[in-house]
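Colleague: This is the structure I have questions about; it appears just below.
What follows is calculated from the coordinates using simple rules that are stated; it is not laboratory data. In this text the structure is predicted, and so the values were computed from the model without any measurement. Glycine gets a Cβ as well: all are built from the backbone with ideal geometry, and neighbour counts include every protein chain shown.
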Amino acid sequence: MLVACWAGCAPAAGLHAYTEDVPPLNYLEGGIVKGFSTELLRQAAREAGFDLTIEVLPWLRAYAKAKETPGGVLYTVVRTPEREAQFQWVGPIGPRRIYMFRLAERGDIHIGAASDLTRYRNGALAGSAAAGQLQALGLLPDRNLDLGQSDAVDLKKLQLKRVDMVAMLDWAMSWQLRQLKLRPSAVTAAWLLDGKQEYWFALNPATPPEQTARLQAALDKIRADGRLQAIRRRYRDD
């Protein structure tokens, strides 16, 4: 079990955050929890006067712990109608966008409608929401849908032209390009597969509303004074 704590002044209350390893939003590096959402939560907690611990767990365990732990916080989470009553919400942190990316040099690929995706070989992370959406559009594994084991593997397949496009979060694509020291201009977003939802911090449903309001006010201040954008630039090059 790996825990990272934010050391600050004596807190009025404590928050216990749970997350998964999904760079660059939240991830472990050298035993330290890092990432855009992690930095944002730390700054918001400090601004609001809360002590904070962060624990990285498999997603289902993180989800359960946040719901059962007083002061629990789950991140980075998509706010959906199904989850609405299960938590209190602070955010939004930012949009959740999944694109179909192609190599910039592949000007021969043209997508005018979702149905056009069936004409190309597309890569997606096995078991991901994007893979499910592509299958719902009629794409078939081993025909026009290649299911990879990681975003890094999918990007490599795109580079080698084993697939024409890959489905990936814009955050993840920016991160993978940075790891390979490639320019953001190396790829182009050919189609927005899913851009309807946003990322939030989800608080334990029993959290006192006053605490939720304080954390929201802190996040709003960080957004207004430019600190949120400064944190974002540390993790994205676009």
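Colleague: Can you order the peptides 39-52, 215-228, 106-119, 151-164 by their average number of other Cβ atoms within 10 Å per residue, highest first?
Modeller: Top to bottom by mean Cβ count within 10 Å: 39-52, 151-164, 215-228, 106-119.
Colleague: Calculate log10 I(q)/I(0) of the range 96-195 for q = 0.11, 0.14 Å⁻¹, where I(q) comes from the Debye formula with a single equal point scatterer on each Cα and nothing for solvent.
Modeller: The calculated log intensity ratios at q = 0.11, 0.14 Å⁻¹ are -0.26, -0.43.
Colleague: Please report the antiparallel percentage of the DSSP beta bridges confined to the chain, to the nearest 5.
Modeller: Antiparallel: roughly 60 percent of the beta bridges in the chain.
Colleague: Among L25, L203, L145, which one moves the most in a GNM of the chain with springs linking Cα atoms closer than 10 Å?
Modeller: In this elastic network of the chain, the residue with the biggest mean-square fluctuation among L25, L203, L145 is L145.
Colleague: Under the Kirkwood approximation applied to all pairs of distinct alpha-carbon atoms, what is the hydrodynamic radius of the chain in Å?
Modeller: The Cα-based Kirkwood calculation yields 18.9 Å.
Colleague: Of all beta bridges DSSP finds with both residues in the range 96-195, what is the antiparallel percent, to the nearest 5?
Modeller: Antiparallel: roughly 60 percent of the beta bridges in the range 96-195.
Colleague: So which lysines can K157 reach, going by Cα to Cα under 30 Å and dropping same-chain residues fewer than 8 places off?
Modeller: K157 reaches K34, K181, K196.
Colleague: Here is a further query. Where does the charge balance sit around L57 when Lys and Arg score +1, Asp and Glu -1, over other residues with C-beta under 12 Å from its C-beta?
Modeller: Result for the local shell: -1.
Colleague: Going by average Cβ density within 10 Å per residue, which order do the peptides 63-69, 191-197, 120-126 take, highest to lowest?
Modeller: Top to bottom by mean Cβ count within 10 Å: 120-126, 63-69, 191-197.
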